[in-house]
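The values are calculated or read from the model by the stated rules, or taken from the named source; none is laboratory data. The structure displayed is predicted, hence computed values, not measured ones. A quick note on method: Cβ atoms are made from the backbone with ideal geometry, for glycine too, and the neighbour counts reach across all protein chains shown.
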């Protein structure tokens, strides 16, 4: 019988903002965001300190909106080289315990410690030691989730942040998942959560009553995943080597957009998110793709390959708008827009191949 897996999900607390507060004493204890300045065009928040979050400020929020919520808010330009350097030190701490590490971004990763290098045996103790090492050596805090699979470990790490450790054992997983609100399921964005609630699906227990075929009918391939995970089933392994295929972001709107100007404004915001993600991983891509979903759920994509790889917001936004314009969007009721960058240059791909960056899924900001 295969040994039961021991999975840890480590998630740094307000990572970019915490690094800025650590390195700049004048920022400590104050509401701070890392991201576009409010006077800029299309600026969005990349990260918010916990002091800023008390005002309702969140990542991906337009900077002007954040400034309106908190007039004393401090805006800081991102320092990606600094964040990458800290991330590398965090990885070194992980490697003291296991080489089965799957980073999801600079500030979070899965670890498989079923077999750990130091022979500690307890995943809870390993997570505790990792958190303490990060605090002692890097003067930052992390939250950790421990369980027998990736999905539950990820959910656990988000419980009662910051600086917490949560364990959900195998005998409690189904009960925990049944009580979990659908909007807390990792990967369920606001639009999907609203759709579930409109169907009377408010918790994992409600999802559990659905037949697998019906979940697939309403939610596509994700429906099969929901069917399994609400029963505590997630066989995905921790994968330390995965190659980046594309970087993408999208947004579904509260109301259908009908004017090209509105759509262009949204593309500016989405381009800023994509650029942020490209810069995090030192990536440049040649192919820009725009995704458009209309009010009747019809979906199209349009792509253009450029002569040189790009990672700057202005170029990405310009190409995306040109691709959109070619579809004659004026007057068409549009409920979703997205941008992806792919066809990375060889150097960038090889530099991330061992960093486990798998960003080819469209994600809601």
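Restricting to the stretch 113-131, count the residues that are assigned to a helix (DSSP H, G or I) and within 16 Å of residue 3 (Cβ to Cβ). Working first, answer last.
Residues of the stretch 113-131 assigned to a helix (DSSP H, G or I): 123-131.
Remaining after also requiring within 16 Å of residue 3 (Cβ to Cβ): 123, 126.
Residues in the stretch 113-131 being assigned to a helix (DSSP H, G or I) and within 16 Å of residue 3 (Cβ to Cβ): 2 in total.
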**Report entry** Number of the exception - residue 260 against (1) modelled with pLDDT of 90 or more; (2) surrounded by fewer than 16 Cβ atoms within 10 Å (Cβ to Cβ); (3) within 27 Å of residue 320 (Cα to Cα)
**Finding:** (2)
Query raised in the report: Take the residues of the stretch 314-338 that are within 27 Å of residue 190 (Cβ to Cβ) and without any contact (Cβ under 8 Å) to a residue 40 or more places away in the chain: which is farthest from the chain's Cα centre (by Cα)?
Result: 327
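Could you please let me know if residue 87 is farther than 15 Å from residue 153 by Cβ and buried (at least 20 other Cβ atoms within 10 Å of the Cβ)? Explain how you work it out, then say what you get.
Numbers: farther than 15 Å from residue 153 by Cβ: yes; buried (at least 20 other Cβ atoms within 10 Å of the Cβ): yes.
Criteria met by residue 87.
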Query raised in the report: Hey, any hits in the stretch 215-223 for a residue that's assigned to a loop (DSSP other than H, G, I, E, B), touching a helix residue (DSSP H, G or I) at 6+ places or on another chain (Cβ under 6 Å) and more than 23 Å from residue 63 (Cβ to Cβ)?
Result: no
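Return yes or no: is residue 134 over 23 Å from residue 234 (Cβ atoms) and in a helix (DSSP H, G or I)?
Values: over 23 Å from residue 234 (Cβ atoms): yes; in a helix (DSSP H, G or I): yes.
Yes.
Take the residues of the stretch 274-284 that are modelled with pLDDT under 90 and in contact with a strand residue (DSSP E or B) (Cβ under 7 Å, 6 or more places away or on another chain): which is farthest from residue 79 (Cα to Cα)?
We begin by selecting, within the stretch 274-284, every residue modelled with pLDDT under 90; these are 276-284.
Filter again for in contact with a strand residue (DSSP E or B) (Cβ under 7 Å, 6 or more places away or on another chain), leaving 276-278, 280, 283-284.
Values: 276: 11, 277: 13, 278: 14, 280: 10, 283: 16, 284: 18 Å.
Applying the filter and picking the extreme gives 284.
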**Report entry** Among residues of the stretch 287-313, those that are in contact (Cβ under 8 Å) with a residue 40 or more places away in the chain and under 23 Å from the mean Cα position of the chain (by Cα), counted
**Finding:** 8
Query - strands (runs of 3 or more DSSP E) wholly inside the stretch 238-310 containing at least 2 residues that are more than 26 Å from residue 329 (Cα to Cα) - result: 299-310
**Report entry** Selection from the stretch 225-249 of residues that are within 21 Å of residue 312 (Cα to Cα) and surrounded by fewer than 20 Cβ atoms within 10 Å (Cβ to Cβ)
**Finding:** 245, 246
Query raised in the report: Could you say whether any residue in the stretch 116-123 is surrounded by 18 or more Cβ atoms within 10 Å (Cβ to Cβ), in the same structural domain as residue 48 (by TED's automatic domain parsing) and either at positive phi or at pLDDT 95 or above (or both)?
Result: yes
